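Undergrad: Sharing a structure here in structure tokens format.
Throughout, read-outs are computed from the coordinates displayed, never taken from laboratory work. Predicted model only: the values in this text are computed from it and were never measured. Backbone-built Cβ (ideal geometry, glycine too); neighbour counts: all protein chains shown.
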Amino acid sequence: MSNSPVIVQWKAAAPYLLSLLRIFTGLILAVSGTIILFGFPAAPPGPGGPMPPQMVVGGWLEFIGGLLLMVGFLTRPVAFLLSGMMAVAFFQFHFKGEWPAGIVPNLNNGIPAAVLCFVYLFYSSAGAGRWGIDSARDKGES
């Protein structure tokens with residue numbers, strides 16, 4: 001079964017799919033940053049008024065980190081930083097302290113933060129994939 005042509009071709013696609021996932025999650029994060037920082041393409045949710053400093057820092061991390069992930073530059077350290085940021089976002093904005101709703105992402109609207117935390121943790125280990133500046137730079141060094 002593991003040597004069937006379909007399985008072999010599907011396994012060969014993994015580095016490209018890894019890159020597509022990185023590009024897509026980077027885009028999502030960069031757009032989230034533009035919403036927080038610039039109110040584009042829509043105003044951030046909430047009462048309005050001045051943004052708390054931690055949200056501004058998070059917005060810049062999302063915007064710049066998302067762009068770096070999209071192009072696959074410094075993928076491992078950026079992804080590690082973003083994984084930590086998503087963990088902080090989950091526990092600060094979604095964790096409620098009561099059981100089970102407090103910790104279960106399905107019950108506290110924390111699914112995006114929890115999933116992205118682990119996606120970025122994976123990229124901090126796996127790297128950029130086939131399409132990315134890191135990959136091109138690594139080929140040039142060998």
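Undergrad: Can you give me the Kirkwood hydrodynamic radius for the chain, using every pair of distinct Cα atoms, in Å to one decimal?
TA: Hydrodynamic radius (Kirkwood, Cα only) of the chain equals 16.5 Å.
Undergrad: Same structure, new question: Tell me which residues come under 5 Å, amide H to amide H, from residue 72 once H is placed; ignore anything under 5 positions away on its chain.
TA: 133
Undergrad: Can you give the calculated 222 nm mean residue ellipticity of the chain, where each DSSP H run of n ≥ 4 adds -39,500 (n - 2.57) and the sum is split over every residue, rounded to the nearest 500 deg cm²/dmol? Present the calculation step by step, with values, prior to reporting the outcome.
TA: Details: 6 runs with 92 residues, N = 142.
Rounded to the nearest 500, the figure is -21500 deg cm²/dmol.
Undergrad: Taking amide H atoms as placed 1.01 Å from N in the peptide plane, list the residues 5 or more away in sequence, or in a different chain, whose amide H sits under 5 Å from that of residue 102.
TA: Residues meeting the criterion, in which the H sits 1.01 Å from N, are 96, 97.
Undergrad: If you don't mind, another one. Compare the Cα positions of 29, 132, 13 along the charge dipole of the chain (+1 at Cβ of Lys, Arg; -1 at Cβ of Asp, Glu; about the Cα centre) and return the one farthest towards the positive end.
TA: With unit charges placed on the Cβ atoms, the residue in question is 13.
Undergrad: Another question about this same structure. If you put +1 on each Lys and Arg Cβ and -1 on each Asp and Glu Cβ, how big is the dipole of the chain around its Cα centre, in Debye rounded to 20?
TA: 260 debye
Undergrad: Through the Karplus equation 6.51 cos²θ - 1.76 cosθ + 1.60, θ set to phi - 60°, convert the phi angles of region 9-16 into ³J(HN,Hα) values in whole Hz; use x for Gly and Pro.
TA: Couplings: 5, 5, 5, 5, 7, 3, x, 6 Hz.
Undergrad: In addition: Measuring from label point to label point, each 7 Å out along Cα→Cβ, what is the residue 27 to residue 80 span in nm?
TA: Reported label-point gap for residue 27 and residue 80 is 2.9 nm.
Undergrad: Highest GNM mean-square fluctuation, the chain, Cα pairs closer than 10 Å: which of 60, 99, 131?
TA: Result: 99 has the largest fluctuation of those listed.
Undergrad: A follow-up question, please. On C-alpha positions alone, give me the angle between the axis of helix 111-126 and the longest principal axis of the chain, in degrees, nearest 10.
TA: It works out to around 40 degrees.
Undergrad: If you don't mind, another one. Could you check which residue among 51, 86, 70 shows the biggest mean-square fluctuation in a GNM of the chain with a 10 Å Cα cutoff?
TA: With Cα springs under 10 Å in the chain, the top fluctuation among 51, 86, 70 is at 51.
Undergrad: Note down the magnitude of the dipole of region 68-142 about its Cα centre, charges +1 on Lys and Arg C-beta and -1 on Asp and Glu C-beta and zero elsewhere, to the nearest 20 debye.
TA: For region 68-142, the charge dipole is close to 100 debye.
Undergrad: Quick one: what are the phi-derived ³J(HN,Hα) couplings along region 19-27, Karplus 6.51/-1.76/1.60 with θ = phi - 60°, whole Hz, x for glycine and proline?
TA: 5, 4, 4, 4, 5, 5, 5, x, 4
Undergrad: Just want the answer: with Cβ charges of +1 for Lys and Arg and -1 for Asp and Glu, which residue in 94, 3, 110 is farthest toward the dipole's positive end in the chain?
TA: 3
Undergrad: Continuing with the same structure: Relative to the first principal axis of the alpha-carbon coordinates of the chain, what is the inclination of helix 75-89, with its axis defined by its Cα atoms, in degrees from 0 to 90 and to the nearest 10?
TA: The two axes meet at around 30 degrees.
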